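Let me begin by presenting the structure, written as structure tokens, before commenting on it.
The values are calculated or read from the model by the stated rules, or taken from the named source; none is laboratory data. For clarity, every value in this text was computed on a predicted model and none was experimentally measured. A quick note on method: Cβ atoms are made from the backbone with ideal geometry, for glycine too, and the neighbour counts reach across all protein chains shown.
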Amino acid sequence: MELTSKQRAQLRGMANSIDTILQVGKDGIGENLIKQANDALEARELIKGKVLDNNIEYDARRAAEELAKATRSEVVQVIGTKFVLYRETHAKPKEKRIELVKPGKKKAAK
């Protein structure tokens with residue numbers, strides 16, 4: 001599922017208030033980090049991560065894209081060394097999930 005710009009904006013706003021729970025350190029992205037990201041996405045849907053200064057192999061964009069691919073999630077935002085990932089969970093009841101803005105219909109040109 002590809003996020004629309006309005007949905008990204010909504011998730012960016014929500015991400016402002018959450019803490020960074022994922023850190024890509026000098027070991028890079030391994031199985032443990034992917035499992036941690038998967039567990040966090042299933043529990044929270046929206047997570048924030050950071051690439052530490054001691055990691056010379058990854059920048060935030062590359063780390064976010066690789067983690068998104070490995071966890072089947074979407075990259076919401078990348079700023080500096082931080083990134084935000086989103087994936088809808090199926091573990092929570094529908095009322096407790098993040099409700100995204102519905103994509104609008106495009107207006108026809110006259």
I'd like to know if segment 50-58 contains one or more residues that are within 13 Å of the chain's Cα centre (by Cα) and among the aliphatic types (A, V, I, L, M). no
Say we look at segment 49-88 and pick out the residues that are touching a Lys or Arg at 6+ places or on another chain (Cβ under 6 Å) and hydroxyl-bearing (Ser, Thr, Tyr); which of these is nearest to Leu3 (Cα to Cα)? Ser73
If we scan segment 74-82, do we find a residue that is assigned to a loop (DSSP other than H, G, I, E, B), out of contact with any His (no Cβ under 6 Å at 6 or more places or on another chain) and of a type in the set (Val, Ile, Thr)? yes
Can you tell me which residue in segment 37-58 is modelled with the highest pLDDT, limited to those that are farther than 13 Å from Tyr86 by Cα and surrounded by fewer than 16 Cβ atoms within 10 Å (Cβ to Cβ)? Leu52
Just wondering, is there one or more residues in segment 75-90 that are among the small types (Gly, Ala, Ser) and at negative phi? no
Can you tell me which condition Gln10 does not meet? The list is (1) within 28 Å of Pro103 (Cα to Cα); (2) loosely packed, with under 14 Cβ neighbours inside 10 Å; (3) modelled with pLDDT under 95; (4) not hydrophobic (A, V, I, L, M, F, W, C), and all the others hold. (2)
Residues satisfying the stated conditions in segment 7-24, i.e. hydrophobic (A, V, I, L, M, F, W, C), in contact (Cβ under 8 Å) with a residue 24 or more places away in the chain and part of a helix (DSSP H, G or I): Leu11, Met14, Ala15
Looking for something crowded, with 19+ Cβ neighbours inside 10 Å and part of a loop (DSSP other than H, G, I, E, B) - is there at least one such residue anywhere in segment 59-69? no
Number of positions in segment 70-82 that are surrounded by 19 or more Cβ atoms within 10 Å (Cβ to Cβ) and of a type in the set (Ser, Thr, Tyr): 2
Can you say whether Glu45 is under 11 Å from the mean Cα position of the chain (by Cα) and on the phi > 0 side of the Ramachandran plot, as far as the supplied structure shows? yes
Which condition does Ser17 not pass, out of (1) touching a Phe, Trp or Tyr at 6+ places or on another chain (Cβ under 9 Å); (2) exposed (fewer than 13 other Cβ atoms within 10 Å of the Cβ); (3) among the hydroxyl-bearing types (Ser, Thr, Tyr), if it passes all the others? (1)
